[in-house]
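Enquirer: Dumping the structure here so I can ask a few things about it.
The values are calculated or read from the model by the stated rules, or taken from the named source; none is laboratory data. Because the structure is predicted, anything quoted here is derived from the model rather than measured. Cβ placement follows ideal geometry from the backbone for every residue including glycine, while neighbour counts extend to all protein chains displayed. Note: areas computed on protein heavy atoms with side chains; ligands, DNA, RNA excluded. Shrake-Rupley method; radii C 1.70, N 1.55, O 1.52, S 1.80 Å.
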Amino acid sequence: RMDDPPRLTIDQWSAALYLATMWHFDAARKYAIQQIESEYAEQSPVDRIILAGKCQVGQWLHPAFLSLCNRTEPLTAEEGEKLGYPRLMAI
């Protein structure tokens, strides 16, 4: 446990989460998830879906998909490309 967590960017925390997931460092993975959830709650739903899939964070998927479905503006072409066809069809 860290009393004063390091100030990392979302890209750095995402990389830490990816590596912790890949190497089965459960404590580091849990810590990275907590930091991303607390510091980057406003991360775009598309980015959250992609990161959730890449790092196996299932609890992020439903809220992110729900956020996309409930917003008033349509998905952009860039967002559609990022999500890919299977995820796009789920929306």
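Enquirer: Evaluate the charge dipole of region 29-91 about its Cα centre and quote only its size in Debye, nearest 20, assuming +1 on the Cβ of each Lys and Arg and -1 on the Cβ of each Asp and Glu.
Expert: Approximately 320 debye in magnitude.
Enquirer: Return one number: the angle in degrees, 0 to 90 and rounded to the nearest 10, between the long axis of the Cα atoms of helix 45-55 and the longest principal axis of the Cα atoms of the chain.
Expert: 50 degrees
Enquirer: What part of the accessible area of the chain, given as a whole %, is carbon or sulfur when the probe is 1.4 angstrom?
Expert: 56 percent
Enquirer: Taking N as the number of residues in the chain, what is its Cα Rg relative to 2.2 N^0.38 Å?
Expert: Relative to the 2.2 N^0.38 Å estimate, the chain comes out at 1.14.
Enquirer: Count neighbours as other Cβ atoms within 10 Å of each site's Cβ, and list the trypsin sites (Lys or Arg not before Pro) in region 1-62 that are DSSP loop with at most 10 such neighbours.
Expert: Within region 1-62, the qualifying trypsin sites (Lys or Arg not before Pro) (loop, at most 10 other Cβ atoms within 10 Å) are 1, 7.
Enquirer: Something else about it: Along the positive direction of the dipole of the chain (beta-carbon charges: Lys, Arg +1; Asp, Glu -1; about the Cα centre), which of 70, 23, 35 reaches farthest?
Expert: Positive-end residue among those listed: 23.
Enquirer: Ok, one more. Peptides 35-46, 62-73: what's the order by average Cβ count within 10 Å, highest mean first?
Expert: Result, highest mean first: 35-46, 62-73.
Enquirer: Using a probe radius of 1.4 Å on heavy atoms only, what accessible surface per residue do you get for region 1-73? Whole Å² is fine.
Expert: Computed with neighbouring chains in place, this is 66 Å² per residue.
Enquirer: Nearest 500 deg cm²/dmol is fine: what mean residue ellipticity at 222 nm does the chain get from its DSSP H runs of n ≥ 4 alone, each adding -39,500 (n - 2.57), divided by its residue count? Present the calculation step by step, with values, prior to reporting the outcome.
Expert: On the way: 6 runs with 61 residues, N = 91.
So the helix-based figure for the chain works out to -20000 deg cm²/dmol.
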